[in-house]
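Let me begin by presenting the structure, written as C-alpha coordinates, before commenting on it.
The values are calculated or read from the model by the stated rules, or taken from the named source; none is laboratory data. Note that the structure is predicted; figures quoted are calculated from it, not measured. We place every Cβ from the backbone using ideal geometry, glycine too, and count neighbours over all the protein chains shown. Just so you know, the surface numbers come from the protein's heavy atoms only, side chains and all, with ligands and any DNA or RNA stripped out. Shrake-Rupley method; radii C 1.70, N 1.55, O 1.52, S 1.80 Å.
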Amino acid sequence: MTLLPSPTFATLKALAISYGYASFLLLTVEITQRTFNIPIHVSRKIIHVLSGTFMFLLLYLFEQREYVVFLTGSFVVINYIFLRIRMFKSMDPMKGATLGTVYFPFSCAFLFGWFNDGREYLAIAGIMAMTFGDAFASIIGRKYGVLRYQVMGDVGQKTIEGSLANFVATIISVLFFWYIMSPPTLTTSNYFTGALISASVSTFFEAISPMGSDNLTVPIGVAFILSLLGY
(Lines give C-alpha, C1' and ligand atoms only; values in the text may rest on other atoms or scores of the structure.)
Protein backbone atom coordinates (compact mmCIF):
# COMPACT_ATOMS: atom_id res chain seq x y z
CA MET A 1 0.00 0.00 0.00
CA THR A 2 1.40 3.38 -0.97
CA LEU A 3 1.20 6.45 1.24
CA LEU A 4 0.29 8.70 -1.66
CA PRO A 5 -2.30 8.08 -4.37
CA SER A 6 -1.29 8.57 -7.97
CA PRO A 7 -1.37 12.31 -8.62
CA THR A 8 -4.01 13.65 -10.94
CA PHE A 9 -3.21 16.27 -13.56
CA ALA A 10 -4.76 18.89 -11.26
CA THR A 11 -2.45 17.82 -8.44
CA LEU A 12 0.62 17.99 -10.68
CA LYS A 13 -0.43 21.46 -11.73
CA ALA A 14 -0.94 22.47 -8.10
CA LEU A 15 2.53 21.17 -7.20
CA ALA A 16 4.07 23.12 -10.08
CA ILE A 17 2.26 26.29 -8.99
CA SER A 18 3.33 25.81 -5.38
CA TYR A 19 7.00 25.16 -6.07
CA GLY A 20 6.97 27.95 -8.64
CA TYR A 21 5.48 30.39 -6.13
CA ALA A 22 8.04 29.43 -3.48
CA SER A 23 10.92 29.88 -5.92
CA PHE A 24 9.60 33.20 -7.19
CA LEU A 25 9.04 34.50 -3.66
CA LEU A 26 12.47 33.50 -2.43
CA LEU A 27 14.35 34.83 -5.44
CA THR A 28 12.40 38.10 -5.49
CA VAL A 29 12.99 38.78 -1.80
CA GLU A 30 16.65 37.73 -2.10
CA ILE A 31 17.30 40.09 -5.00
CA THR A 32 15.39 42.91 -3.30
CA GLN A 33 17.26 42.38 -0.04
CA ARG A 34 20.66 42.47 -1.73
CA THR A 35 19.76 45.41 -3.98
CA PHE A 36 18.32 47.68 -1.30
CA ASN A 37 20.20 46.25 1.68
CA ILE A 38 16.99 45.46 3.54
CA PRO A 39 17.62 44.21 7.10
CA ILE A 40 17.60 40.43 7.15
CA HIS A 41 15.08 40.27 9.98
CA VAL A 42 12.67 42.19 7.69
CA SER A 43 13.26 40.00 4.62
CA ARG A 44 12.80 36.89 6.77
CA LYS A 45 9.43 38.14 8.00
CA ILE A 46 8.32 38.99 4.45
CA ILE A 47 9.02 35.39 3.43
CA HIS A 48 7.42 34.17 6.66
CA VAL A 49 4.14 36.04 6.11
CA LEU A 50 3.79 35.34 2.39
CA SER A 51 4.66 31.66 2.86
CA GLY A 52 2.25 31.29 5.76
CA THR A 53 -0.58 32.95 3.87
CA PHE A 54 -0.01 30.61 0.94
CA MET A 55 -0.61 27.66 3.30
CA PHE A 56 -4.26 28.68 3.41
CA LEU A 57 -4.51 28.67 -0.37
CA LEU A 58 -3.20 25.10 -0.52
CA LEU A 59 -6.52 23.85 0.85
CA TYR A 60 -8.24 25.20 -2.26
CA LEU A 61 -5.43 24.46 -4.69
CA PHE A 62 -5.15 20.71 -4.03
CA GLU A 63 -7.99 18.26 -4.60
CA GLN A 64 -5.83 15.45 -3.18
CA ARG A 65 -5.09 16.68 0.33
CA GLU A 66 -2.35 14.09 0.87
CA TYR A 67 -0.18 16.17 -1.43
CA VAL A 68 -0.55 19.22 0.81
CA VAL A 69 1.29 17.20 3.47
CA PHE A 70 3.80 15.99 0.89
CA LEU A 71 4.46 19.52 -0.35
CA THR A 72 4.90 21.14 3.04
CA GLY A 73 6.94 18.19 4.27
CA SER A 74 9.31 18.51 1.33
CA PHE A 75 10.17 22.04 2.43
CA VAL A 76 11.44 20.67 5.74
CA VAL A 77 14.26 19.05 3.76
CA ILE A 78 14.67 21.92 1.29
CA ASN A 79 14.83 24.59 3.99
CA TYR A 80 17.27 22.54 6.05
CA ILE A 81 19.60 22.27 3.06
CA PHE A 82 19.32 26.01 2.40
CA LEU A 83 20.10 26.66 6.06
CA ARG A 84 23.16 24.42 6.07
CA ILE A 85 24.72 25.86 2.92
CA ARG A 86 23.61 29.46 3.66
CA MET A 87 22.31 29.77 0.12
CA PHE A 88 19.87 32.62 0.68
CA LYS A 89 20.96 35.57 2.79
CA SER A 90 17.41 36.94 2.97
CA MET A 91 16.24 33.69 4.55
CA ASP A 92 19.13 32.66 6.78
CA PRO A 93 21.52 35.15 8.39
CA MET A 94 25.18 34.28 8.56
CA LYS A 95 25.14 34.58 12.36
CA GLY A 96 22.48 33.57 14.84
CA ALA A 97 20.54 31.38 12.42
CA THR A 98 18.04 29.03 14.06
CA LEU A 99 16.03 26.09 12.79
CA GLY A 100 12.92 28.29 12.61
CA THR A 101 12.73 28.00 8.83
CA VAL A 102 12.74 24.21 9.18
CA TYR A 103 10.21 24.14 12.03
CA PHE A 104 7.81 26.28 9.99
CA PRO A 105 7.03 23.74 7.20
CA PHE A 106 7.24 20.85 9.66
CA SER A 107 4.43 22.39 11.71
CA CYS A 108 2.35 22.94 8.58
CA ALA A 109 2.85 19.36 7.37
CA PHE A 110 2.08 17.93 10.80
CA LEU A 111 -1.10 19.98 11.28
CA PHE A 112 -2.41 19.37 7.76
CA GLY A 113 -1.80 15.66 8.24
CA TRP A 114 -3.41 15.50 11.67
CA PHE A 115 -6.47 17.69 11.09
CA ASN A 116 -7.45 16.24 7.73
CA ASP A 117 -10.93 15.17 8.82
CA GLY A 118 -12.88 18.35 8.18
CA ARG A 119 -11.09 20.23 10.96
CA GLU A 120 -8.56 21.94 8.75
CA TYR A 121 -9.72 25.21 10.28
CA LEU A 122 -7.80 24.20 13.43
CA ALA A 123 -4.63 23.77 11.41
CA ILE A 124 -5.26 27.17 9.83
CA ALA A 125 -5.74 28.81 13.25
CA GLY A 126 -2.36 27.50 14.37
CA ILE A 127 -0.60 28.39 11.15
CA MET A 128 -2.00 31.92 11.03
CA ALA A 129 -1.10 32.49 14.67
CA MET A 130 2.45 31.51 13.74
CA THR A 131 2.40 33.53 10.53
CA PHE A 132 0.97 36.85 11.68
CA GLY A 133 1.37 36.75 15.45
CA ASP A 134 5.07 35.95 15.29
CA ALA A 135 5.74 38.42 12.47
CA PHE A 136 4.06 41.37 14.16
CA ALA A 137 5.59 40.51 17.52
CA SER A 138 9.02 40.73 15.94
CA ILE A 139 8.39 43.85 13.84
CA ILE A 140 6.61 45.87 16.54
CA GLY A 141 8.91 44.63 19.27
CA ARG A 142 12.04 45.68 17.39
CA LYS A 143 10.72 49.07 16.32
CA TYR A 144 8.63 50.18 19.28
CA GLY A 145 9.58 47.82 22.09
CA VAL A 146 10.54 49.60 25.30
CA LEU A 147 9.13 47.46 28.09
CA ARG A 148 11.39 44.41 28.01
CA TYR A 149 11.17 41.14 29.87
CA GLN A 150 12.95 37.81 29.86
CA VAL A 151 11.58 34.31 30.10
CA MET A 152 13.47 31.03 30.39
CA GLY A 153 16.53 32.50 32.06
CA ASP A 154 18.89 34.28 29.71
CA VAL A 155 17.32 33.03 26.48
CA GLY A 156 16.29 36.05 24.45
CA GLN A 157 14.48 39.22 25.38
CA LYS A 158 10.85 39.94 24.60
CA THR A 159 8.88 43.16 24.79
CA ILE A 160 5.42 43.89 26.13
CA GLU A 161 4.70 45.83 22.93
CA GLY A 162 5.69 42.86 20.79
CA SER A 163 3.58 40.46 22.84
CA LEU A 164 0.56 42.77 22.55
CA ALA A 165 1.11 42.94 18.78
CA ASN A 166 1.19 39.14 18.69
CA PHE A 167 -2.09 38.97 20.60
CA VAL A 168 -3.93 41.46 18.38
CA ALA A 169 -2.53 40.11 15.09
CA THR A 170 -3.51 36.56 16.01
CA ILE A 171 -7.08 37.56 16.86
CA ILE A 172 -7.50 39.43 13.57
CA SER A 173 -5.88 36.75 11.41
CA VAL A 174 -7.81 33.84 12.94
CA LEU A 175 -11.12 35.71 12.65
CA PHE A 176 -10.36 36.68 9.04
CA PHE A 177 -9.38 33.23 7.80
CA TRP A 178 -12.12 31.45 9.74
CA TYR A 179 -14.63 33.88 8.26
CA ILE A 180 -13.45 32.93 4.75
CA MET A 181 -13.52 29.19 5.54
CA SER A 182 -16.89 29.41 7.36
CA PRO A 183 -16.50 26.07 9.20
CA PRO A 184 -20.01 24.60 9.54
CA THR A 185 -19.28 23.35 13.08
CA LEU A 186 -18.50 26.84 14.44
CA THR A 187 -21.00 29.45 15.55
CA THR A 188 -20.36 33.20 15.55
CA SER A 189 -19.55 33.11 19.26
CA ASN A 190 -17.11 30.24 18.63
CA TYR A 191 -15.28 32.46 16.14
CA PHE A 192 -14.60 35.13 18.74
CA THR A 193 -13.82 32.89 21.69
CA GLY A 194 -11.65 30.69 19.48
CA ALA A 195 -9.72 33.72 18.25
CA LEU A 196 -9.20 34.92 21.83
CA ILE A 197 -7.99 31.48 22.91
CA SER A 198 -5.67 31.30 19.89
CA ALA A 199 -4.23 34.71 20.71
CA SER A 200 -3.66 33.83 24.36
CA VAL A 201 -1.95 30.53 23.54
CA SER A 202 0.10 32.09 20.74
CA THR A 203 1.31 34.96 22.93
CA PHE A 204 2.24 32.59 25.75
CA PHE A 205 4.21 30.16 23.60
CA GLU A 206 5.89 32.93 21.59
CA ALA A 207 7.11 34.42 24.86
CA ILE A 208 8.63 31.23 26.29
CA SER A 209 9.99 29.54 23.16
CA PRO A 210 13.69 30.15 22.41
CA MET A 211 15.73 29.83 19.23
CA GLY A 212 12.96 29.78 16.63
CA SER A 213 11.10 26.98 18.40
CA ASP A 214 7.96 29.16 18.49
CA ASN A 215 7.45 27.99 14.90
CA LEU A 216 6.71 24.62 16.51
CA THR A 217 5.09 25.50 19.81
CA VAL A 218 2.75 28.26 18.59
CA PRO A 219 0.96 26.52 15.68
CA ILE A 220 0.82 23.07 17.28
CA GLY A 221 -0.09 24.50 20.68
CA VAL A 222 -2.90 26.66 19.30
CA ALA A 223 -4.40 23.90 17.14
CA PHE A 224 -4.31 21.21 19.81
CA ILE A 225 -5.60 23.37 22.65
CA LEU A 226 -8.52 24.44 20.45
CA SER A 227 -9.13 20.78 19.65
CA LEU A 228 -9.02 19.78 23.33
CA LEU A 229 -11.55 22.52 24.08
CA GLY A 230 -13.96 21.05 21.56
CA TYR A 231 -13.52 23.36 18.57
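Things worth noting here:
- With a cut-off of 15 Å between beta carbons, the residues surrounding Gly194 carry a summed charge of 0, where Lys and Arg count +1 and Asp and Glu -1.
- Pairs of lysines in the chain (C-alpha under 24 Å apart; 8 or more residues apart or interchain): 8
- Between Thr203, Pro105, Leu27, the Cα set farthest toward the positive side of the dipole of the chain (charges on each charged residue's Cβ, about the Cα centre) is that of Leu27.
- Helices that extend 30 Å or more along their long axis by alpha-carbon positions and average at least -1.0 on the Kyte-Doolittle scale are, among the DSSP H runs of the chain, 9-36, 40-61, 160-181, 188-208.
- Rolling a 1.4 Å probe over the protein heavy atoms of region 38-133, with every protein chain left in place, gives an accessible area that is 69 percent carbon and sulfur.
- Amide N proximity, region 25-50 versus Lys143 label position 7 Å along Cα-to-Cβ, cut-off under 14 Å: 39, 41-43, 45-46
- Leading residue at positive end of dipole, region 9-229 (Cβ point charges), from Val69, Gly162, Phe177: Gly162
- Computed from point charges on the beta carbon alone (+1 for Lys and Arg, -1 for Asp and Glu), the dipole magnitude for region 9-229 about its Cα centre is near 620 Debye.
- Peptides ranked, highest mean first, by Cβ atoms within 10 Å: ranges 215-228, 189-202, 18-31: 215-228, 189-202, 18-31
- Applying the Kirkwood pairwise sum to the alpha-carbon positions of region 9-229 produces a hydrodynamic radius of 17.7 angstrom.
- Helix-only CD estimate at 222 nm, as mean residue ellipticity for the chain, using -39500 (n - 2.57) per DSSP H run (n ≥ 4): -24000 deg cm²/dmol
- Taking a sphere under 15 Å around the Cβ of Arg142 and counting the other residues whose Cβ falls inside, with K and R at +1 and D and E at -1, yields a net charge of +2.
- Heavy-atom accessible area per residue - the chain, 1.4 Å, Å²: 51
- Where Rh is the Kirkwood radius over Cα pairs, Rg/Rh for region 1-89: 1.03
- Other residues with beta-carbon under 14 Å from the beta-carbon of Leu216 carry, at +1 per Lys or Arg and -1 per Asp or Glu, a net charge of -3.
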